[in-house]
1. Is it true that Ala39 is surrounded by 10 or more Cβ atoms within 10 Å (Cβ to Cβ), at pLDDT 95 or above and either closer than 18 Å to Ile157 by Cα or aliphatic (A, V, I, L, M) (or both)?
2. Would a scan of the stretch 247-258 turn up a residue that is among the acidic types (Asp, Glu), open to solvent by 40 Å² or more (accessible area, probe 1.4 Å) and touching a residue at least 40 places away in the same chain (Cβ under 8 Å)?
3. Pick from the stretch 94-125 the residues that are assigned to a loop (DSSP other than H, G, I, E, B) and touching a Ser or Thr at 6+ places or on another chain (Cβ under 7 Å): which of them is nearest to Gly293 (Cα to Cα)?
4. Suppose we keep only residues that are of a type in the set (D, E, K, R) and under 26 Å from Trp109 (Cα atoms) within the stretch 198-246. Which one would you say is least open to solvent (accessible area, probe 1.4 Å)?
5. Say we look at the stretch 172-194 and pick out the residues that are in contact with a Gly (Cβ under 8 Å, 6 or more places away or on another chain) and free of Cβ contacts under 8 Å to residues at least 60 places away in the same chain; which of these is least open to solvent (accessible area, probe 1.4 Å)?
6. Quick one: is Met137 on the phi < 0 side of the Ramachandran plot, surrounded by 10 or more Cβ atoms within 10 Å (Cβ to Cβ) and within 16 Å of the ligand (Cβ to nearest atom)?
7. Hey, among Val300, Val304, Val281, which residue is more than 24 Å from Tyr115 (Cβ to Cβ) and touching a Phe, Trp or Tyr at 6+ places or on another chain (Cβ under 9 Å)?
8. Restricting to the stretch 1-15, what's the tally of residues that are in contact (Cβ under 8 Å) with a residue 60 or more places away in the chain and open to solvent by 40 Å² or more (accessible area, probe 1.4 Å)?
Amino acid sequence: MEWLRSLILPAQGSPYAAQVDTFYMFLVWLSVFFFLLIAGVAVYSVIRFRHKPGDVTPHWTHNNKLEFAWTVIPLAILMVIFVWGVKGYMEAAVPPGDAQEIRVTAKKWVWQFEYPDGTRAINELHVQVNKPVKFVMSSEDVIHDFFVVDMRVKHDILPDRYTEIWFNPTVVGKHHFECAEYCGRGHSDMGGTLYVDDDASYQKWLETGGVDASIPLDKLGSMLYESKGCSSCHTIDGSPSQGPSWKGVFGHPVQLSDGRTVIADENYIRESILVSGAKIVKGYDNIMPVFQGVLRQREVDGLVAYIKTLGNK
Ligand SMILES: [Cu+2]
């Protein structure tokens, strides 16, 4: 039966995922069984009791035995499904006491993660293998939904309120997570990668943010453009998006919403990245997240260097 599971369900990343799948496959086979049973009886009856000349349909009002059977048997089956489902629900709802905590902030259209030691990241989630981890989540705008497919956990994220989920990652490697609540134009960009790291690579990630120090700055910037979610609002080819395109910005005048015009030099770019509300570009709303404390110094340098390379195009 494993072949069917792996055909219709994604990979399993935690013991809980395996439990969910077992339950799900039970429901699938139960449905297959009753489909065959009911369709079989129906087809059989059509053939066996086909109308023949002279037949008279007998008058039936009810059949106690039959009605008792089709009430009690489904009730018993539904109770099994109910109890099994509640057990799984409870397990998903109550994180173990020693779970490590990660703060999740959802915002049109990026995921922000904050670790206990203050490390922050965008659209990129690192957890330690075999260490249960709990997510305390809230939204800065509309309703989003954190769906970690391989862990089979999924929960709405609301503004002005915390919701929680947890899982115990047991499979080292890359997994996918995404927003599962339609949240506007950039909804389909609102995804990211979950890395389940062994202990050594998790420590290394906390120290360096996973960035190889030998990568040249502008190359680093172009990688961050994708991985930090800038690409969901900024284009590099001049076409319009939620935010201004980066093409031809550097070194050129920028009109601000308060009527001033400034030249986009390194400091302007830096400030626009770190404190997006400081100077707002004319014609745009200040929907950009604040990256102060999120990006490391070298990452900001990299982004500035990258935007510079797009300046004269
Ligand atoms: Cu969303």
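1. Details: surrounded by 10 or more Cβ atoms within 10 Å (Cβ to Cβ): yes; at pLDDT 95 or above: yes; either closer than 18 Å to Ile157 by Cα or aliphatic (A, V, I, L, M) (or both): yes.
Considered against the rule, which asks whether it is surrounded by 10 or more Cβ atoms within 10 Å (Cβ to Cβ), at pLDDT 95 or above and either closer than 18 Å to Ile157 by Cα or aliphatic (A, V, I, L, M) (or both), Ala39 comes out as yes.
2. Taking the stretch 247-258 as the starting set, the residues that turn out to be among the acidic types (Asp, Glu) are 258.
Right, trim to open to solvent by 40 Å² or more (accessible area, probe 1.4 Å) and you get 258.
This time we only want the ones that are touching a residue at least 40 places away in the same chain (Cβ under 8 Å), so: none.
Within the stretch 247-258, not a single residue is among the acidic types (Asp, Glu), open to solvent by 40 Å² or more (accessible area, probe 1.4 Å) and touching a residue at least 40 places away in the same chain (Cβ under 8 Å).
3. Initial filter on the stretch 94-125 (assigned to a loop (DSSP other than H, G, I, E, B)): 94-99, 108-109, 115-119, 123.
Adding the requirement that they be touching a Ser or Thr at 6+ places or on another chain (Cβ under 7 Å) leaves 109, 123.
Values: Trp109: 19, Asn123: 15 Å.
Going through the qualifying residues, I end up with Asn123.
4. Once the filter is applied, the top-ranked residue is Lys228.
5. Glu178
6. Details: on the phi < 0 side of the Ramachandran plot: yes; surrounded by 10 or more Cβ atoms within 10 Å (Cβ to Cβ): yes; within 16 Å of the ligand (Cβ to nearest atom): yes.
It is true that Met137 is on the phi < 0 side of the Ramachandran plot, surrounded by 10 or more Cβ atoms within 10 Å (Cβ to Cβ) and within 16 Å of the ligand (Cβ to nearest atom).
7. Details: Val300 fails: more than 24 Å from Tyr115 (Cβ to Cβ); Val281 fails: touching a Phe, Trp or Tyr at 6+ places or on another chain (Cβ under 9 Å).
Answer to the selection: Val304.
8. Residues of the stretch 1-15 that are in contact (Cβ under 8 Å) with a residue 60 or more places away in the chain, as a first pass: 10-15.
From what is left, the residues that are open to solvent by 40 Å² or more (accessible area, probe 1.4 Å) are 10-12, 15.
Residues meeting the conditions: 4.
The values are calculated or read from the model by the stated rules, or taken from the named source; none is laboratory data. Just so it is clear, the structure is predicted and the values come from calculations on it, not from any experiment. Here the Cβ is made from the backbone with ideal geometry for all residues, glycine too, and neighbour counts use every protein chain on show. Calculation scope for accessible area: heavy atoms of the full protein, side chains included, ligands and nucleic acids excluded. Shrake-Rupley method; radii C 1.70, N 1.55, O 1.52, S 1.80 Å.
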